[in-house]
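For reference, the structure discussed in these notes is given below.
The values are calculated or read from the model by the stated rules, or taken from the named source; none is laboratory data. Everything quoted here is computed from the prediction, not taken from an experiment. Glycine also receives a Cβ, built like all others from the backbone with ideal geometry; neighbour counts cover every protein chain displayed.
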Amino acid sequence: MSAKSNSAFVTRTNALVARFRRQRPLRGGSLLVTILGDAIAPRGGTIALASLIKLAMPFGLTERLVRTSIGRLANEEWVSFERSGRASFYSLTTNGRARFAEATQRIYGAPPQDWDGLWTLAIVPPTLKTRRDDLRDELSWLGFGQITPGVFAHPTDQASAINARLEELQAAGQLIVMKGSILSQAASANLVAMGWDLDDLGRRYKRFIDMFSPVATSLDEAPMAGDVAFLLRTLLLHEYRKIHLRDPLLPAALLPEDWAGTDAQKLCRDLYAKVFPASEQYLSATVQTQAGALPAPAAEIFQRFGGLPAVDATIGGGDTQLA
């Protein structure tokens with residue numbers, strides 16, 4: 001690390017890592033999902049097991065825990081396994097890529113602002129009572145709130161992927177889906193209160209802000225070590241992802257004033273953009289695939305959070321300059 005590197009930034013990042021390592025239980029699978037989705041998916045989707053172990057080790061994940069956790073992800077069809085000689089490699093499956101694509105759209109996209117006043121209602125028919133829990137989980141993942149048993153709602157036009165999933169469930173006779181308007185703003189506010197606990201979600205966002213604001217204020221123009229940048233990037237996305245995927249992403253008109261989620265999104269976006277170039281260089285120097293060096297980043301990665309700094313893709317062994 002350069003002697004000119006920002007010591008306050010390093011110290012505060014290390015404190016966050018130490019805090020993560022003290023968690024019990026230490027959920028290895030969840031952290032690996034963050035690493036795979038944030039760092040590896042946009043760069044080919046394949047990683048050597050030895051490289052994954054090296055990336056995860058600073059967070060307190062032992063080699064045994066990484067092997068166990070990635071094995072579970074393979075059993076759940078997030079990744080596939082292949083051996084070449086004495087080396088093992090894991091690649092995202094079609095199912096894994098689809099799951100990450102859905103999460104990527106939610107995590108890195110801009111929050112909704114405009115609202116046409118329409119609500120989408122999804123109703124689980126009484127004949128499917130035995131499947132209600134499974135469908136509730138799926139609708140919750142899509143951002144829907146449960147209004148009454150078997151009735152779910154969301155106030156925005158859903159993204160195309162979500163609409164497609166709703167249509168699949170409806171076509172299979174598992175859901176009745178309707179759209180319509182409510183006659184008063186007060187009624188919409190009541191529906192929000194019935195479907196979601198925004199107070200709890202706001203507290204989670206405020207804890208995120210308290211956790212990462214000191215790191216953000218310690219950043220300056222000093223050189224940033226790639227390994228430290230990767231540690232912060234991963235923890236930042238890991239903690240944000242756990243909260244943000246609970247967020248129904250309601251339009252601004254239905255959110256409380258001074259909504260903490262807005263400040264959390266801005267903090268995450270700004271800090272992510274600052275550590276992104278150095279962390280990408282670290283990944284290029286550290287991660288191996290079955291074909292050798294990690295491929296250059298896909299162009300889509302630079303659209304995250306509304307636009308990221310360009311990096312030199314040749315550091316990944318490719319020939320494309322994205323700088």
Subject >> Index of the failed condition, Arg241 passing every other in (1) within 21 Å of Ala56 (Cα to Cα); (2) over 16 Å from the mean Cα position of the chain (by Cα) >> reply: (2)
Subject >> Single condition Asn95 does not satisfy, out of (1) farther than 19 Å from His244 by Cβ; (2) outside the structural domain of Arg246 (by TED's automatic domain parsing); (3) touching a Phe, Trp or Tyr at 6+ places or on another chain (Cβ under 8 Å) >> reply: (2)
Subject >> Failed condition for Phe302, given (1) assigned to a helix (DSSP H, G or I); (2) within 30 Å of Ala186 (Cα to Cα); (3) free of Cβ contacts under 8 Å to residues at least 40 places away in the same chain >> reply: (2)
Original post:
Can you tell me which residue in segment 151-164 is nearest to Asp197 (Cα to Cα), limited to those that are buried (at least 18 other Cβ atoms within 10 Å of the Cβ), out of contact with any Gly (no Cβ under 7 Å at 6 or more places or on another chain) and at pLDDT 70 or above?
Top reply: Pro155
Subject >> Scope segment 74-86; condition in a strand (DSSP E or B) and without any contact (Cβ under 8 Å) to a residue 40 or more places away in the chain; matching residues >> reply: Ser80, Phe81, Arg83
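Filter segment 105-154 down to the residues that are among the acidic types (Asp, Glu) and either in contact (Cβ under 8 Å) with a residue 40 or more places away in the chain or assigned to a loop (DSSP other than H, G, I, E, B) (or both), then identify the one that is farthest from Ile243 (Cα to Cα). Explain how you work it out, then say what you get.
Going through segment 105-154, the residues among the acidic types (Asp, Glu) turn out to be 114, 116, 133-134, 137-138.
Subset that is either in contact (Cβ under 8 Å) with a residue 40 or more places away in the chain or assigned to a loop (DSSP other than H, G, I, E, B) (or both): 114, 116.
On the way: Asp114: 23, Asp116: 26 Å.
The residue in question is Asp116.
Select, from Leu36, Leu65, Leu55, the only residue that is farther than 17 Å from Ala291 by Cβ and within 13 Å of the chain's Cα centre (by Cα).
Details: Leu65 fails: within 13 Å of the chain's Cα centre (by Cα); Leu55 fails: within 13 Å of the chain's Cα centre (by Cα).
Every option except Leu36 fails the conditions.
Take segment 177-188 and flag every residue that is surrounded by 14 or more Cβ atoms within 10 Å (Cβ to Cβ) and of a type in the set (A, V, I, L, M).
Within segment 177-188, the first condition is being surrounded by 14 or more Cβ atoms within 10 Å (Cβ to Cβ), and the residues that meet it are 177, 182, 188.
Passing the criteria: Val177, Ile182.
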**OP:** State whether the residues of segment 242-262 include one that is part of a strand (DSSP E or B) and either among the hydrophobic types (A, V, I, L, M, F, W, C) or over 27 Å from Arg27 (Cα atoms) (or both).
**Re:** no
Original post:
For segment 219-241, how many residues are buried (at least 17 other Cβ atoms within 10 Å of the Cβ), in a loop (DSSP other than H, G, I, E, B) and out of contact with any Lys or Arg (no Cβ under 7 Å at 6 or more places or on another chain)?
Top reply: 2
Original post:
Applying the selection to segment 49-69, what residues are in contact with a strand residue (DSSP E or B) (Cβ under 6 Å, 6 or more places away or on another chain) and buried (at least 19 other Cβ atoms within 10 Å of the Cβ)?
Top reply: Ser51
Original post:
Which one of these does Gly117 not meet: (1) within 21 Å of Val275 (Cα to Cα); (2) surrounded by fewer than 18 Cβ atoms within 10 Å (Cβ to Cβ)?
Top reply: (1)
**OP:** Tally the residues that are within 10 Å of Gly28 (Cβ to Cβ) and in a helix (DSSP H, G or I), restricting the search to segment 56-72.
**Re:** 10
Subject >> Residue that is farthest from Ala189 (Cα to Cα), among those in segment 94-114 that are exposed (fewer than 15 other Cβ atoms within 10 Å of the Cβ) and of a type in the set (S, T, N, Q) >> reply: Thr94
**OP:** Give me a count of the residues in segment 195-218 that are under 30 Å from Lys129 (Cβ atoms), surrounded by 13 or more Cβ atoms within 10 Å (Cβ to Cβ) and either hydroxyl-bearing (Ser, Thr, Tyr) or out of contact with any Lys or Arg (no Cβ under 7 Å at 6 or more places or on another chain) (or both).
**Re:** 3
Subject >> Every pair of residues 6+ apart whose Cβ atoms lie under 7 Å, when the first sits in segment 277-293 and is of a type in the set (A, V, I, L, M) and crowded, with 16+ Cβ neighbours inside 10 Å while the second is part of a strand (DSSP E or B) and at pLDDT 95 or above >> reply: Val287/Ile47
